[in-house]
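Shown next, in structure tokens, is the structure this report addresses.
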Amino acid sequence: MDSPQIEAARILVVDDDAGVRQVLRSMLLPAGYEVEIACNGREAIQLLQTSRFDLVITDLVMPEQEGIETIKLLRRDFPSVKIIAISGAFGGDYLRIAGFLGAHRTMAKPVRMETVIRVVEETLRSTEDPPHAEGLEEF
């Protein structure tokens, strides 16, 4: 008897560094995920308006539209999408802000493959709501 086909989770990787985008994509594809890429938050929001994604992995420091603004828009317009924020900037301060604004998880760069896969799996399985950003409009 055939088992039902399980649909692969769709992940959007958002980073202004093409090398980081490709490394994350090369980590996630063999793990069975469908992966799309965007080079900034503005492009990511445009993709989300036309395609369904289960998870967004976003860098925080990017031109055009940085990650903090992107997370705020994702929480407002796509509340069911799970978010992982990644950054190597500002000693972790941006990652803490990202968590306050609604990222389910955060990771400091550079990231290791085992960590990325584990955090992605945990985030996709999680049933917890993200933090709420009430009162944090100043960020």
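Quick note: the coordinates plus some simple rules give every number you see, no bench work behind them. What you see is a predicted model; the values in this text were computed from it and never measured. FYI the Cβ positions are ideal-geometry reconstructions off the backbone, even for glycines, and counts take in every protein chain you see.
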Per 0.36 nm of contour for each residue apart, how much would the distance between GLN46 and LEU73 grow if the chain were fully extended, relative to their Cα-Cα spacing? 8.6 nm
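How high is the relative contact order of the chain, in percent, counting Cα pairs under 8 Å that sit 6 or more residues apart?
Numbers: 226 pairs, mean separation 27.4, N = 139.
With pairs under 8 Å counted, the relative contact order is 20 percent.
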In a Gaussian network model of the chain with springs linking alpha carbons closer than 10 Å, the residue among GLU114, GLU36, GLU122 that fluctuates most is GLU114
Scan of the chain for trypsin sites (Lys or Arg not before Pro) in DSSP loops with at most 13 other beta-carbon atoms within 10 Å gives a longest site-free stretch of 53-111
Provide the FRET efficiency to the nearest 0.05 for the PHE100-LEU29 pair, computing r from the beta carbons and using R0 = 30 Å. 0.45
To the nearest 10 degrees, how steeply does helix 18-28 sit against the main Cα axis of the chain, on a 0 to 90 scale? 40 degrees
In debye to the nearest 20, how big a dipole does the chain give about its Cα centre with +1 on each Lys and Arg Cβ and -1 on each Asp and Glu Cβ? 240 debye
Taking Cα atoms, the helix 67-77 axis meets the longest principal axis of the chain at an angle in degrees (rounded to 10) of 70 degrees
